[in-house]
Amino acid sequence: MKLTYRGVSYDYTPPVVESNVTDDVGKFRGVDIRFRTGKKAPVQQPTLDLVYRGVAYQTGTPEAAPVVAPAPIVAIAAPAPVAPATTITPLSTEDRARMSMMGRHRSVKQRQQSMLTRLATEAGLPEDAAKYWNHIQGKVHPSFWATYSRSGAAAS
């Protein structure tokens, strides 16, 4: 069968599907039809070289694992003396409050950035157009804090 796609002509021979005729008969839009079942599901093998992340591969061919020569066993020297474990001092209340505020600020910035990107995409702007505002100023707009819910179930 001669086909043309975007100005390129080529010959196409569709694969032959073997089928069994059954005794089942049905109607489709008032016309009697006979049902058929396939003997074997057709599986076409790729004719192109498959590449994933720059590495060529083939399907359907089991690949033997490369045999690696065992490394010679080398005697291990006596371990060096380990310094005594240092105790970690617990954070003060002020430090924990500061870390909590910074984490919240970071999550609000990320949420605002994703909302800005979605809005820019809906408006038809390129992806990079929405990324400048937060990255240059590094601030969260003051009106955003008033409408932002602290709960994890807040929808953006």
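The values are calculated or read from the model by the stated rules, or taken from the named source; none is laboratory data. Given the structure is predicted, the values throughout are model-derived calculations rather than measurements. Counting neighbours? That spans all protein chains shown, and the Cβs are built from the backbone with ideal geometry, glycine included.
In the set 62, 90, 70, which member is part of a loop (DSSP other than H, G, I, E, B), loosely packed, with under 10 Cβ neighbours inside 10 Å and at pLDDT 80 or above?
Working: 62 fails: at pLDDT 80 or above; 70 fails: at pLDDT 80 or above.
Step by step, each of 62, 90, 70 is checked, and only 90 is part of a loop (DSSP other than H, G, I, E, B), loosely packed, with under 10 Cβ neighbours inside 10 Å and at pLDDT 80 or above.
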### Query
Among the residues of the range 115-131, which ones are surrounded by 11 or more Cβ atoms within 10 Å (Cβ to Cβ) and in a helix (DSSP H, G or I)?
115, 116, 117, 118, 119, 120, 121, 129, 130, 131
### Task
Consider only pairs whose beta carbons are under 6 Å apart and that are at least six residues apart or on different chains; among these, list those whose first residue lies in the range 105-131 and is within 16 Å of residue 143 (Cα to Cα) and whose second residue is assigned to a helix (DSSP H, G or I).
109/134; 112/144; 113/134; 116/130
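Yes or no, residue by residue, for (1) touching a Ser or Thr at 6+ places or on another chain (Cβ under 9 Å); (2) modelled with pLDDT of 65 or more; (3) surrounded by fewer than 10 Cβ atoms within 10 Å (Cβ to Cβ); (4) of a type in the set (A, V, I, L, M, F, W, C):
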| position | (1), (2), (3), (4) |
| --- | --- |
| 95 | no, yes, no, no |
| 100 | no, yes, no, no |
| 103 | no, yes, no, no |
| 110 | no, yes, no, no |
| 113 | no, yes, no, no |
| 133 | no, no, no, yes |
| 146 | no, yes, yes, yes |
